[in-house]
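Structure, as structure tokens:
Just so you know, all these numbers are worked out from the coordinates, no wet-lab data involved. Bear in mind that the values here come from a model prediction, so they are computed numbers and not experimental data. Please note: Cβ atoms are built from the backbone with ideal geometry, for glycine as well, and neighbour counts cover all protein chains shown.
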Amino acid sequence: MQGTSNLLNYILWTPFIGLIGVLLIPKAKENLVRYWTLINTAITFVLTLVLYSKFDTSIPGMQTAFNIKVPWISSFNIFYSLGVDGISLPMIVLTGLLFFLCVLSSWTVTKQIKAYFSLYLFLQMSVFGVFFSLDFFLFYVFWEVMLIPMFFLIGIWGGENREYAAIKFFLYTFFGSILMLVGMVALYYKMGAGVDSFNILAMHGGKFAGQTLDIFGMTFSFSKLFFIFLFIGFAIKVPVFPFHTWLPHAHVQAPTAVSVILAGVLLKMGTYGFLRIAFPIFPGASVHFSEAIAWLGLVNVIYGAFCAMAQTDVKKLVAYSSVSHMGFVMLGLAAMTVTGVNGAVLQMFNHGTSTAMMFLLIGILYERSHHRWIVRPDGSKGFGGLYTQLPKYSIVFIIAMFASMGLPGLSGFISEALIFIGIYERFTTITVLALIGLLLGAAYLLWMFKRMFFGDVIEECKNYTDMNTREIIYMLPLCIAVIVFGIYPAPVLNIMRASVGNLVEMLSKF
């Protein structure tokens, strides 16, 4: 085993140990299951902070002190290979934080508690596996395994149409995975089926430029064809228009904690796939298609915002806002400049905290009201005058809403500003059009807030209670994060700077 630390192993396998523990706890001891999961996710989060504290910001590539590489399936040169750099570390810390907080938000789950928390910990392990893997086969295994807990968490603990939402999520993501699998097999043989044939880092740098492939009697550019395959595989997860239709269903039907994980972490796995696999393995094709990626990002921004504006279900509104905000990440990636890609990675982190706040807040309200209608199907108001009834809740909601909107002083502003600065010189027209998305974002969020929180208190809202201590405890870290990183984003930017610079330098050669 290479490297001087087993820290990545500890982070990856602590949730699995937690899963075993949950299964061993007697079914009747439900509170013990909750506390065991809480302690397990707390330990995992602390380990991610230890990793952050030991990280050397001056190293542009993988941190060799943490690398782990041991043979796994030797006959095919498949390795259990883990590593961390400045692009994956913000996502790892975010994953640790959100899974920890979502245990607290899942405290009120009463249905099949052992099964819920064991699947929940299984999901956490698979997400860490995606962000740590440096072997394409291992990456693919974790990417696929993640579907299993998500399918059951939505399909069993979701809303009325949970089965439909779970199956749609599974089929869309599985379709993308099949394309990724074809790309992985093609790369394996192009690399000569040798010792580095699944090594993601060994594939980096444009090794396949100029190579061709004959299919159906036609000759294709190997790089462009398989870049498209990988792009679609990752784009479905982001989700990029027109592959986005699974997302609103999955979000609306999923239980609160699963919605938070889906928006906060799982969508970022798609953009992480671009940064770790598609762009560095096929840099020439990435540059060739960069304008198309930018246009797709723009469609996401504006289309997602218009869809959000049309919603009468507050959870669906926030789901479509995620489509719009991930469009900004796509714009930053398409810029292929240091500022733009830094903005994209920062937006991945910041969107994770602000959208997690929104979904947690909707979950808190749903527990009191048992509905999510801004306007009911019969035209009557679903909520009204919440500000006077729930003052603490309203203040936290305002912070989350303004962070999502990109108000200066909160985290969303910095990342969106960097994206616009980064993309302006390359795609000026797209940049100007994307500003419409910012305006629409402010419009649908403020309109939603006005309808729900202002005006007369409707009768059923008079019975709602304000946030309790448990709810304040899990909202507070996210409130602090969106404010602190809005004023002082350096702790995240410094981590990613060298790795992003390395990637952009590679892309600039093509």
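So here's what we get for this one:
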item: Given charges at beta-carbon only (K, R positive; D, E negative), |dipole| of the stretch 289-510 in Debye; result: 120 debye
item: Per residue convex hull volume, Cα atoms of the stretch 119-160, in Å³; result: 52 Å³
item: Too-long pairs where the Cα-Cα distance tops 21 Å, listed order kept, from 224/509; 268/315; 111/462; 207/237; result: 111/462; 207/237
item: Estimated dipole of the chain in Debye, rounded to 20 [Cβ of Lys and Arg +1, of Asp and Glu -1, Cα centre]; result: 460 debye
item: Burial ordering of 102, 479, 461, fewest other beta-carbon atoms within 10 Å first; result: 479, 461, 102
item: Sum of side-chain charges, residue 200 neighbourhood, beta-carbon under 13 Å (Lys, Arg +1; Asp, Glu -1); result: 0
item: Relative contact order (percent, whole number), the stretch 289-510, Cα cutoff 8 Å, 6+ residue spacing; result: 29 percent
item: Relative intensity, log₁₀ I(q)/I(0), of the stretch 289-510 from a Debye sum that treats every alpha carbon as a point, q = 0.11, 0.14, 0.15, 0.17 Å⁻¹; result: -0.56, -0.84, -0.93, -1.12
item: Local electrostatic count at residue 175 - Lys and Arg +1, Asp and Glu -1, tallied over other residues with Cβ under 13 Å; result: +1
item: Cα Rg, Dmax, the stretch 134-220, angstrom units; result: 17.4, 52
item: Signed unit charges on C-beta, dipole axis of the stretch 25-156, positive-most listed residue 120, 143, 81; result: 120
item: The chain, relative contact order [Cα under 8 Å, separation at least 6], %; result: 16 percent
item: Most positive-pole-ward Cα, 408, 382, 172, against dipole of the chain from beta carbon charges; result: 382
item: Percent RCO, i.e. relative contact order, over the stretch 287-332, from Cα pairs under 8 Å lying at least 6 residues apart; result: 49 percent
item: Rg(Cα) / (2.2 N^0.38 Å) computed for the chain, rounded to two decimals; result: 0.94
item: Percentage, to the nearest whole number, of Cα pairs in the stretch 75-142 over 20 Å apart; result: 41 percent
item: For 152, 241, order by how many other beta-carbon atoms lie within 10 Å, fewest first; result: 152, 241
item: Radius 15 Å from Cβ of residue 108, net charge of other residues (Lys, Arg +1; Asp, Glu -1); result: +1
item: Along the chain, longest interval not containing exposed trypsin sites (Lys or Arg not before Pro), exposed being DSSP loop plus at most 11 other Cβ atoms within 10 Å; result: 112-508
item: Residue order, fewest to most surrounding Cβ atoms within 10 angstrom, among 151, 279; result: 151, 279
